[in-house]
Amino acid sequence: MKWLISILLFLSSTIVLGQKPAHLVRPSDSLDPDPFVNTVQQSLNLFYADYANSNKYDSIITALNYTPGQVPVFSDSVICARLAKMNELTPFQLDCNAATLSTIKFFAAQRRGFIRVALGRSALYFDLFEEKLTEYGLPLELRFLSVIESGLRPQVKSRAGALGLWQFMYKTGLYFGLDENSYIDERMDPEKATDAACRYLKQLYGIYGDWNLALAAYNAGPGNVNHAIRKSGGKTTYWEVRPYLPAETQGYVPNFIAAAYMMTYHAEYNIIPMEAKIHNSQLDTMCVKSGVHMQTIAKLVDWDLTEIQSLNPVYKTTYIPKMTPARCVTGPLDKIGLLVSYEDSLYLLEEAIYHPKPVIPPSPVGQDTTQKDTTSIINPPIDTLQTNIPPASNLMYHKVKTGENLRQIALKYSVSIEQLMEWNALRTTNIYVGQKLTIYTNQTQVQPAPTPAPPPPPVKKYYTVKPGDTFGKIAQRNNLTQAQLQRLNPGIRINSIAIGQRIRIK
């Protein structure tokens with residue numbers, strides 16, 4: 001990053017020192033008043049994109065000559081040797097024993113999809129984790145703890161009530177300064193929850209002096225660990241105390257070791273990371289001076305509401321409240337850049353949409369205006385009120401079936417996805433089989449569209465190249481390496497694919 005900034009500063013000085021005489025200067029573009037700032041922004045975007053897409057796994061999988069879907073199996077001695085290599089670079093004790101070997105083999109065979117998804121999500125969170133862990137002087141391997149706690153999903157809530165990337169219980173969160181009110185829950189704030197987790201883990205290690213015992217205490221609580229230590233006769237290592245811990249905690253450290261191992265050696269196991277939608281380095285933040293709805297932001301800068309919600313999980317609803325200190329919105333560099341430019345317009349649009357001022361009609365000529373009838377302003381007629389909820393007589397319910405998504409359901413009932421999300425208080429477009437959705441429709445009786453007979457499975461499957469696609473992205477999206485995709489398309493030059501081109505993917 002330093003070299004890029006140096007180059008850009010050099011370019012800026014060259015532009016200033018090398019100015020032409022006024023009569024030779026080309027008139028500035030009224031649509032782009034500051035071309036240098038535009039150049040800087042484009043250069044940074046290209047750098048971030050290259051950084052986000054740099055992967056090493058493809059060459060490893062190619063060298064091992066794996067076929068798509070192949071599940072490699074390794075001997076105990078190979079796994080133990082790899083763990084020993086990892087142990088050389090960490091203060092953790094990543095033991096190779098029957099418990100860890102069994103868990104690693106289970107992950108390698110039965111949790112491949114989970115590891116693939118976690119690898120994809122790690123692009124959004126691991127840089128943040130490593131920055132905080134380094135700040136507190138903690139082992140970087142602790143970033144894998146969030147993988148087994150939440151699968152790197154900040155909205156995950158356990159049956160016991162633990163919430164967020166680091167699964168804080170309500171009282172523990174409050175103890176470490178994570179606030180909650182009707183609009184926010186900082187247990188779901190990636191940065192603040194990570195900071196709290198670092199402080200908690202450092203405190204636990206200070207108590208036990210053993211990282212595996214600290215992890216056990218993080219899972220079961222110090223009380224359960226202290227009880228197990230007493231029952232073990234005063235033993236001081238996790239494996240000696242393990243038989244006396246709760247059943248879940250007995251599997252906790254083996255799960256952590258297995259996750260760390262699989263995330264490190266995923267390429268050797270022919271696991272291709274899920275495509276990352278955005279990398280942490282491509283994010284920026286803007287804090288708001290007044291309460292705003294995410295819908296207003298979406299309208300102003302043409303930003304998908306679902307993405308705003310997913311990148312700002314701290315908010316329980318789509319409303320960002322006015323607070324001290326100010327609450328912030330996180331998003332891609334280009335969207336936040338636009339939002340900063342249009343900040344004044346943001347508050348005006350919010351006011352116009354959610355707090356419109358009443359319009360007072362002018363008085364007829366000659367009418368006494370000393371006393372105005374304000375009844376119609378204070379209590380407008382019922383039929384003039386605008387509401388997002390149609391009459392209750394049009395209320396109906398839909399039970400989600402296997403394979404259905406919000407888009408299909410919205411089309412079926414001639415409503416929008418946004419309406420379905422609002423009527424059912426959905427934070428994301430994720431739904432589950434058997435879920436009961438509330439729907440308001442103008443139709444008195446909805447006849448479901450006939451389900452067409454499924455077409456016979458195709459022998460070959462193709463993908464049409466879209467703007468922004470690269471050969472590597474297409475491969476990753478379809479769980480293939482670039483080499484495997486190249487074998488399916490021997491006549492295609494991978495560095496010169498064109499929009500509209502058909503790529504064989506199966």
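The values are calculated or read from the model by the stated rules, or taken from the named source; none is laboratory data. Small disclaimer: the values here were computed from a predicted structure and weren't measured. All Cβ positions, glycine included, derive from the backbone under ideal geometry; neighbour counts span all protein chains shown.
General observations
- Subset tally (residues that are in a loop (DSSP other than H, G, I, E, B) and at pLDDT 80 or above) for the stretch 457-468: 4
- In the condition set (1) at pLDDT 95 or above; (2) over 22 Å from P91 (Cβ atoms); (3) small (G, A, S), G206 is compliant with all but (2).
- Condition check for V301: of a type in the set (V, I, T), surrounded by 14 or more Cβ atoms within 10 Å (Cβ to Cβ) and in contact with a Lys or Arg (Cβ under 8 Å, 6 or more places away or on another chain): yes
- When the test is whether a residue is in contact with a Lys or Arg (Cβ under 7 Å, 6 or more places away or on another chain), assigned to a loop (DSSP other than H, G, I, E, B) and modelled with pLDDT of 95 or more, L152 passes it.
- From the options L165, L174, L178, residue that is closer than 29 Å to L94 by Cβ and among the aliphatic types (A, V, I, L, M): L165
- Counting only helices (runs of 4 or more DSSP H) wholly contained in the stretch 70-145, the ones carrying 2 or more residues that are among the hydroxyl-bearing types (S, T, Y), surrounded by 12 or more Cβ atoms within 10 Å (Cβ to Cβ) and assigned by TED's automatic domain parsing to the domain that holds L213 occupy 98-110, 112-135.
- Taking first residues from the stretch 222-239 that are charged (D, E, K, R) and partners that are surrounded by 16 or more Cβ atoms within 10 Å (Cβ to Cβ), the Cβ contacts under 7 Å between residues at least 6 apart in sequence or on separate chains come to K231/Y244; K235/I229; K235/V241.
One line per residue, one yes/no per condition, for (1) part of a helix (DSSP H, G or I); (2) surrounded by 15 or more Cβ atoms within 10 Å (Cβ to Cβ); (3) at pLDDT below 95; (4) in contact with a Gly (Cβ under 9 Å, 6 or more places away or on another chain):
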site	(1), (2), (3), (4)
A276	no, yes, yes, yes
I297	yes, yes, no, yes
Q309	yes, yes, no, no
P313	no, yes, no, yes
M323	no, no, yes, yes
V329	no, yes, no, no
L338	yes, yes, yes, no
D344	yes, no, yes, no
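- In the set (1) within 16 Å of L142 (Cα to Cα); (2) free of Cβ contacts under 8 Å to residues at least 60 places away in the same chain, F129 fails one condition alone, (2).
- The stretch 274-326: number of residues that are more than 18 Å from Y347 (Cα to Cα), among the polar types (S, T, N, Q) and touching a helix residue (DSSP H, G or I) at 6+ places or on another chain (Cβ under 6 Å): 3
- Taking each residue of the stretch 427-448 that is among the basic types (K, R) and looking for partners that are surrounded by 11 or more Cβ atoms within 10 Å (Cβ to Cβ) and at pLDDT 80 or above with beta-carbon atoms closer than 6 Å, six or more apart or interchain, yields R427/Q309.
- Here the stretch 206-238 is the region considered, the condition is being outside any helix (DSSP H, G or I) and over 11 Å from T249 (Cα atoms), and the residue that is farthest from the chain's Cα centre (by Cα) is G233.
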